[in-house]
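Okay, structure first, notes after.
The values are calculated or read from the model by the stated rules, or taken from the named source; none is laboratory data. Keep in mind that what you see is a predicted model, and the values were worked out from it rather than measured. Here the Cβ positions follow ideal geometry from the backbone for every residue, glycine too, while neighbour counts run over all protein chains shown.
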Amino acid sequence: MIRALILSVIFLFSVCGWSAQAPPEPAKPFSQVELLALRLAGQHQDHMERDIARRGIDFPLDEDYLNALRAAGGSDALIAAVRKAAAASGSARASGSSAAPDAQVLPHLLQAAKLLQNRAWPEAEKEIRAAIAIEPDNPLLHVDLSGVLPSSLGEPGWTAAIAEDREALRLEPSMALAHFHIATALRQQGDTTGAIAEAREVVRLDADDGRAWSELARLLEQAGDLDGALAAYQQALALSPDAAFSHRNLAELLEKKGDLDGALMQAREAVHIAPDRARGHYVLARILRTKGDKTEAAKEEQIATELEAKNPPRQVRAGGAVMAKGLIYQPKPAYPREAQKAGIEGTVRMEVVIARDGTVQNVKLLSGPPVLASAAMKAVGKWRYRPSLLNGEPVEVVTEVDVIFPTLRK
């Protein structure tokens, strides 16, 4: 009787899934190639720091490698995390960490990092392609290539980049970073709907990525879904409550929705978290001025001005003639038919924000015939510039652009 009871209990445990499960195997330490490839691919550095602390590294450090991480945009915090992981692992190296093909791929990635720092895009593309030729089934290398192609090839590079990201997803279907890249490329091509779908896939695969939620929010706002954007920003802040840029973006969204009290609260939080960033003070000043508090608004504007004087901002202003020299792709606008028939000509002047990667992120109409404005803004939105550097770091640039429409005569 007792034996039968024991057997029954064992049977129930097995059927219901209550049997003891073996603990999951710990993630393997980072290899040199994986870590550098992730940085070249633009993986969120907070994620990298977290994963380095959890997984460790399987190689001893040298300054050449650390310099390559820096050249690929590695922050001081990321470098510190790598050093800490190296100290924790001692001088031991996991077996196989220097085996082919990684040992053959690494020199190409090290060289690519140096070339990218100097904006030598075609040369960096060749190095990454050489790495892929050695290890074609490494999805990270395809994502690395996708990040270089738009700068190397200009506008056609976006389509080529998407193809590389698709290949990465074929090799590793759960790679959220590849979907993030595709979302960026589709946004640049004007496919906001497709970009939103890809951004949703990113947050499905990595629901803890606050940056991805913030990017989704920005896309939804661009598409006019302000309520969806609001929810996404709130999720981003629930995951990363100290992300000043998310508070600032949410403040601007709430300002747009007419919720000035909510906007003011978010702007104050952005300034509290990052008091040394001028843009947050400017946003706060604008909201205060709208609410009628001109005295405090003036104080915030003064703080922002002083901060910019002490620490040049990541977003700088440059003249249109200066930036025109860095244009690498400049499609011409279509001349609106109704304007041609009416003999309308003139100049459309716009203020544009050029992102750190050289893409045009925002276009604001300043002046010009309304019948010509839409065509001009659509064309300029597709322009691409060489990335601008300030003290060796890529920066956003605000500039003005003129598009001239002469009357087309028979």
Exercise. Among the residues of the range 148-183, which ones are in contact with a His (Cβ under 7 Å, 6 or more places away or on another chain) and surrounded by 23 or more Cβ atoms within 10 Å (Cβ to Cβ)?
Worked result: A161, E164, D165, A168
Exercise. When you go through (1) buried (at least 17 other Cβ atoms within 10 Å of the Cβ); (2) modelled with pLDDT under 85; (3) among the small types (G, A, S) one by one for A68, which number turns out not to apply?
Worked result: (2)
Exercise. What is the number of the single condition among (1) part of a helix (DSSP H, G or I); (2) within 23 Å of the chain's Cα centre (by Cα) that T305 does not meet?
Worked result: (2)
Exercise. If V316 satisfies every condition in (1) under 23 Å from L230 (Cα atoms); (2) of a type outside the set (S, T, N, Q); (3) in contact (Cβ under 8 Å) with a residue 60 or more places away in the chain but one, which is the exception?
Worked result: (1)
Exercise. So which of A232, A207 is part of a loop (DSSP other than H, G, I, E, B) and among the hydrophobic types (A, V, I, L, M, F, W, C)?
Worked result: A207
Exercise. Which condition does V316 not pass, out of (1) out of contact with any helix residue (DSSP H, G or I) (no Cβ under 8 Å at 6 or more places or on another chain); (2) in a helix (DSSP H, G or I), if it passes all the others?
Worked result: (2)
For this session: Find the residue count for the range 136-173, including only residues that are outside any helix (DSSP H, G or I) and at pLDDT 95 or above.
Result: 5
